[in-house]
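Reviewing the structure listed below.
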Amino acid sequence: MRLSSGEKKFFAIFSIVAVLFVAVVAGSVAVLASGHEADDTPYVQVASGDKLVRVEPLKYCSIDLKSCNQEDLDPPVRVPVKVGDTLMLSLSAELAVGPWTLVVQYLTAEGSDIGDEVFYPSDSARTITLHSSRDRILAAVEIKQPSQVEDEFGFVPRGIWGIDTLPDGVEVPAPVQ
């Protein structure tokens, strides 16, 4: 079978277009992927009202605590929750895959009410909803991920996430001495 000159031109142009297409796609993927190494540091997504905030750990270490992202804790992330609103916490898969604990602090007429540390086993809850009311104003949230290191108090946290949820304009009363 002999190809006519028109068919030869068609296949030549088609081949050039195909090679250029592959080059453009490969180049685009390379440019988009460069500098975006996988970051498996766990995070918490927080939503209240019209705000959606990604909360990074105040401090995060390896499972054996031999290497940490920093020495000192960062301050908690500020996400004010109005009285009557709710706060939704959504844990990343990297955080929820293992055990974690939650401590919630409320302001009441009697003062500060720090709840018990609630333990969540591996692959249990990934989303928690907390309510703020006039009788119990949501003040702060703390999430901890344990390490494999244990001391006299229990497992030492490898990661800590802190959220200051006190509504704007609300002052924490000084403790009575």
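The values are calculated or read from the model by the stated rules, or taken from the named source; none is laboratory data. As the structure is a computational prediction, the values presented were derived from the model and not from experiment. Glycine gets a Cβ as well: all are built from the backbone with ideal geometry, and neighbour counts include every protein chain shown.
SER112 is checked against (1) in a loop (DSSP other than H, G, I, E, B); (2) more than 20 Å from VAL44 (Cα to Cα) and fails just one. What number does that condition carry?
(1)
Quickly run through the stretch 142-177 and pick out the residues that are charged (D, E, K, R) and at pLDDT 85 or above. Please lay out each step first, then the result.
Just the residues of the stretch 142-177 that are charged (D, E, K, R), to begin with: 142, 144, 150-152, 158, 164, 168, 171.
Within the stretch 142-177, GLU142, LYS144, ASP151, GLU152, ARG158, ASP164, ASP168 qualify.
Tell me, please, whether a residue that is in a loop (DSSP other than H, G, I, E, B), modelled with pLDDT of 80 or more and of a type in the set (Phe, Trp, Tyr) can be found in the stretch 35-43.
Yes.
ARG2 fails exactly one of the following numbered conditions: (1) loosely packed, with under 10 Cβ neighbours inside 10 Å; (2) within 30 Å of GLY159 (Cβ to Cβ); (3) at pLDDT 75 or above; (4) of a type outside the set (Val, Ile, Thr). What is the number of that condition?
(2)
Of a type in the set (Ser, Thr, Tyr), out of contact with any Gly (no Cβ under 7 Å at 6 or more places or on another chain) and closer than 18 Å to LEU52 by Cα: which single residue out of THR101, THR129, THR108 fits that description? Lay out the reasoning, then the answer.
Numbers: THR101 fails: closer than 18 Å to LEU52 by Cα; THR108 fails: closer than 18 Å to LEU52 by Cα.
The match here is THR129.
Go over the candidates SER90, SER122 one by one and state the one that is loosely packed, with under 11 Cβ neighbours inside 10 Å and within 20 Å of PRO57 (Cα to Cα).
Working: SER90 fails: loosely packed, with under 11 Cβ neighbours inside 10 Å.
The conditions single out SER122.
Name the single residue, out of those in the stretch 67-90 being at pLDDT 90 or above and either in a loop (DSSP other than H, G, I, E, B) or not assigned by TED's automatic domain parsing to the domain that holds SER133 (or both), that is farthest from THR165 (Cα to Cα).
This residue is GLY84.
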